[in-house]
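To keep things clear, I will list the structure first and then write my remarks on it.
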Amino acid sequence: MLKKRIVQIIIHIAAWVCFLMVPFVFYPRPRDFSFFSERYLSAFFVLNNVLLIAFYYLNTYLFIPKWLDKKKFITYSLIIFGLLIFYGSFPRIYHFFFGSLQPTPPGSHPPAHDRPHNFQQPLLQPGNIAVFMLVFVFSTGIKVISEWLRSEQRNKEIANEKLKAELSFLKAQINPHFLFNTLNNIYALASVQSEQTAPAVMKLSSIMRYVLTEARNDMVPLEKEIQFTTHFIELQKMRLTDKSSIDFTVKGDPTGRQIAPLLLLPFVENAFKYGISTRERSPIMILLEIKKDSVYFSVSNYKHINTSLKVADNTGIGINNTRRRLDLLYEDKYTLDINDGVAEFTVNLNIQV
């Protein structure tokens, strides 16, 4: 990363040196070369180009991300237009305060401030306007193209990660062990002709349908993700003893909200894997709070002696995969806090949606 940054700095310096040397190459050289050197080392020349370079980086790293990327076109256009007028009139401003823009070669006319008062610099210098527009087009074009390429790369990574997540979920989450236990529980209900048999079959069917159809989409309605999670929890409850207590609370209205599919379940499944004991009290607290601009999700469970090591060793891959999906899908729009304490394991996830 550091080496890449150094290369970028060197490229930028080389590009600006070449750009600033263009007038030196094409400007007709006078016999008195010392005058030519003074011209291009004059205060006006230096300050004029410092403003140009400053505009390039302000446009690239401030104006475009802050206004153009956020579709604030009017604000962005007004700022660019204002800077165009300022830079176009900068020679006249400089002339007004400091007089001559450049040294005068021997034997030529006297300096500008010694000329008659009716001599004035034009209000807008066509040369400055042209150079400003050139730098504007280059900086905006380079930034837009680089962002487009970066977006395309991210979309490819998201597609690959989504495919991996689906395959991983089918193998690890809805695994044969889970299906075997669920079907056994449903069989036990059916053998005693329990009224819960039909609802249990419907919940299992709903889970499989969600995984095979809805989970293929980039985003799903939050209501469906909540329903899916609820069915998963209810099926898990079928195998628990009275030592376990599950509290799943949903606050707020999920209507109209979207979320990436299968994003919350790994944390819930982890709690059932490693937070359940048949001998000790095993509460699991799950909270989903829907706020104005975000969704807050938390899971907490006790760590038991026989599973504490497994929590540290076996959740790493699943959590890292989930974190990677969050990085790709939500980038800087989420926070994930995982606290692996001595007696308790907690997850706090906040997503801007």
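The values are calculated or read from the model by the stated rules, or taken from the named source; none is laboratory data. What you see is a predicted model, and the numbers here were worked out from it, not measured in a lab. Note: ideal-geometry Cβ built from the backbone for every residue, glycine included; neighbour counts use all protein chains shown. Heads up: the accessible areas ignore ligands, DNA and RNA and are worked out on the full protein's heavy atoms, side chains in. Shrake-Rupley method; radii C 1.70, N 1.55, O 1.52, S 1.80 Å.
Where Lys and Arg each count +1 and Asp and Glu each count -1, what net charge lies around residue 279 among other residues with Cβ under 12 Å from its Cβ? Taking every other residue near residue 279 into account, the sum is 0.
With 21 Å as the limit, the listed pairs 3/66; 70/143; 70/156; 224/291 have 3/66; 70/156 beyond it between alpha carbons. Packing-based ranking of 281-292, 8-19 yields 281-292, 8-19, ordered from highest to lowest mean Cβ neighbour count within 10 Å. Stretching the chain fully between residue 279 and residue 151 yields a gain of 41.0 nm (0.36 nm per residue, less the alpha carbon separation).
Rolling a 1.4 Å probe over the heavy atoms of the protein chains gives the range 185-340 an accessible area of 52 Å² per residue. Residues in the range 248-257 carry Karplus couplings, in order, of 10, 10, 10, 10, x, 9, x, 4, x, 8 Hz; the curve used is 6.51 cos²θ - 1.76 cosθ + 1.60 with θ = phi - 60°, and Gly or Pro positions show x.
Grab the Cα-Cα distance for residue 202 and residue 42, subtract it from 0.36 nm times how many residues apart they are, and report the gain in nm with one decimal. Computed gain between residue 202 and residue 42 is 49.4 nm.
Around residue 76, with a cut-off of 13 angstrom between Cβ atoms, what is the net charge of the other residues, counting Lys and Arg +1 and Asp and Glu -1?
Details: positive: 66, 70, 71, 72, 143; negative: 69.
With Lys, Arg at +1 and Asp, Glu at -1, the neighbours total +4.
The phi-based Karplus calculation (6.51 cos²θ - 1.76 cosθ + 1.60; θ = phi - 60°) puts the 3J(HN,Hα) values of the range 279-290 at 10, 10, 4, 9, x, 10, 10, 10, 10, 10, 10, 9 Hz, whole numbers, x for Gly and Pro.
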